[in-house]
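Presented below is the structure to which this report refers.
Rule-based calculations on the coordinates, nothing more; no lab input. Bear in mind that the values here come from a model prediction, so they are computed numbers and not experimental data. Neighbour counts are summed over all protein chains in view; Cβ atoms, including those assigned to glycine, are modelled from backbone coordinates with ideal geometry.
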Amino acid sequence: MAHQSLYRAYRPQSFKEVLGQEQVTGPLSEQIKTEKVGHAYLFAGSRGLGKTTIARIFASELKVSDKDLYEIDAASNNSVDGVRELAANIATYPFESPYKLYILDEVHMFSKGAWNALLKTLEEPPAHAIFVLATTELDKVPETVQSRCQVFEFKKPSRAGLAKMVSSVAKKEGYSIEPSAADLIALLADGSYRDALSVLERVFASTTDKKVTREEAEAATGAPKRALVASLVSALSSGKADDALGAIRAAATSNVDMGMYLSLVLEYMRSVLLVRHAPELRKEIKDEVGDDEYSEIEKIASDKESKLTHNTLRVFLEASGRVRYAPVPALPLELAVLELHS
């Protein structure tokens, strides 16, 4: 039997199984229940949030069979002729379902002519036709099209929510995973359910047993080692510019992605400041990062001589916008250190 990816294995099969998109699944369920289904929907949001998955569930709830469900990649079918052919197909009745449902993915890739041709179909659709347009770039969808659709915007999950899902899937697969490892995977997924499960699958493939540690997750994903992150934050806290520059140099020579490194540094500094100034969040942070890392964070947070402040976080946050375009990726971090000590 062919291996099935985690994303496919754990793809929701009903609205109840969908995580974190109640603002979409709730209204759709109510429309089905009251039989007040629209003819055109626009699902907008970043990749990996389940737009096409929810569209398929919507079709299933409407009793649309596979013969009457059409999935079209707008990126490769964006010509006027392609949309006209689609319009001709729409006119015919369903084979065995109450509706014919069309999922148009990456619809922002349509050409101007294709949009005009689609608009005519959206204005006067057959009673048996339902459209679900999906896009990662809502601003590229013409207002004339948006005005003829029910627009649903998908939310990115919180990092804590992603980490919880990662831990849940790991448990179902027979693995135990350290909280800090699940948190790292959630961070690397950048708000995408699909990416979180893809990263988790990569981690599973590199583990020697059924226990996933933070170190194993770092090794499997190429993420900077926690020690490299902690050493920079510790140096910033103690006010030692030479040690901070040395920590950045160590990270750069380890061939880690400096953008990812800076993201982890920012998260670490943020945790320190929250532990220091928001005691009510301490348990939540401890659960996220694990006992070992939390003890390091708490030590810095409780140091009354610490030079790490909100200004430190601000300076490095500004550096994050420059890392991607810097000719030397470590340079924005080094400049941040020098700015703090000028």
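The long axis of helix 112-123 is offset from the longest Cα principal axis of the chain by roughly 60 degrees. Note on the stretch 26-88: Rg/Rh from Cα positions, Kirkwood definition for Rh, rounded to two decimals, is 0.99. Lysines near K100 by alpha-carbon distance under 30 Å, same-chain residues fewer than 8 away left out - which ones? Excluding near neighbours in sequence, the set is K16, K33, K36, K51, K63, K67, K112, K120, K140, K155, K156. Highest-first packing order for the peptide set 155-161, 50-56 is 50-56, 155-161, based on the mean count of other beta carbon atoms within 10 Å.
Considering only I297, I130, I32, the mean-square fluctuation computed in a Gaussian network model of the chain, springs between alpha carbons under 10 angstrom, is largest for I32.
Net length available on complete extension from E71 to R322 is 86.4 nm, with 0.36 nm assigned per residue and the Cα-Cα distance removed. Cross-link partners of K172 among lysines, defined as those whose alpha carbon lies under 16 angstrom from its own and excluding same-chain residues fewer than eight positions apart: K164, K210, K211.
What net charge do the residues around R202 carry, taking every other residue with its C-beta under 14 Å from that of R202, with Lys and Arg at +1 and Asp and Glu at -1? Net charge in that neighbourhood comes out at -4. From the coordinates of this entry, percent of Cα pairs over 29 Å apart is computed, and it appears in [x] 36; [y] 52; [z] 39 under the label [y]. With K and R counted +1 and D and E -1, the other residues having a Cβ less than 13 Å from that of L42 yield a net charge of -3. Annotation: amide H-H contacts under 5 Å for Y99 (H modelled 1.01 Å from N, sequence separation of 5 or more, or interchain): none.
GNM on the chain, C-alpha springs below 10 Å: top fluctuator among E178, E143, E288? Greatest mean-square fluctuation among the candidates belongs to E143. Backbone amide hydrogens, once placed in the peptide plane, bring K307 within less than 5 Å of S238, G239, excluding anything fewer than 5 places away on its chain. What the Cβ-Cβ distance of H341 and E85 gives, at R0 = 51 Å and to the nearest 0.05, is a FRET efficiency of 0.20.
A helix-only calculation puts the chain at -17000 deg cm²/dmol for mean residue ellipticity at 222 nm, using -39500 (n - 2.57) for each DSSP H run of at least four residues, averaged over all residues.
Evaluating 6.51 cos²θ - 1.76 cosθ + 1.60 at θ = phi - 60° for every residue in the stretch 58-72, the Karplus couplings come out as 4, 4, 4, 5, 8, 6, 8, 7, 4, 5, 10, 10, 10, 10, 10 Hz, glycine and proline recorded as x. Taking 0.36 nm per residue of separation and subtracting the Cα-Cα distance, full extension of the segment from I32 to R270 would add 81.3 nm. Where in the stretch 153-178 does the amide nitrogen come within less than 19 Å of the point 7 Å from the Cα of H310, taken along Cα to Cβ? Answer for the stretch 153-178: none. The length gained by stretching the chain between K120 and E22 to full extension, at 0.36 nm per residue less their Cα-Cα distance, is 32.1 nm.
Approximating the spin labels as points 7 Å out from Cα along Cα→Cβ, the A227-to-D292 distance works out to 1.0 nm. Candidates V256, I54, S231 compared by Cα position along the dipole of the chain: farthest toward the positive end lies I54, with charges placed on Cβ. Taking 7 Å steps out from each Cα toward its Cβ at K299 and S254 produces label points 1.7 nm apart.
Placing a pseudo-label 7 Å from each Cα along the Cα-to-Cβ vector at S176 and E215 gives an inter-label distance of 1.7 nm.
For V132, the residues whose amide H sits under 5 Å from its own are Y41, Y102, I103, L104, ignoring neighbours fewer than 5 places away on the same chain, with H placed 1.01 Å from N. Let me know the whole percent of all Cα-Cα pairs from the stretch 198-342 that are separated by more than 18 Å. Counting every Cα pair in the stretch 198-342, those more than 18 Å apart make up 58 percent.
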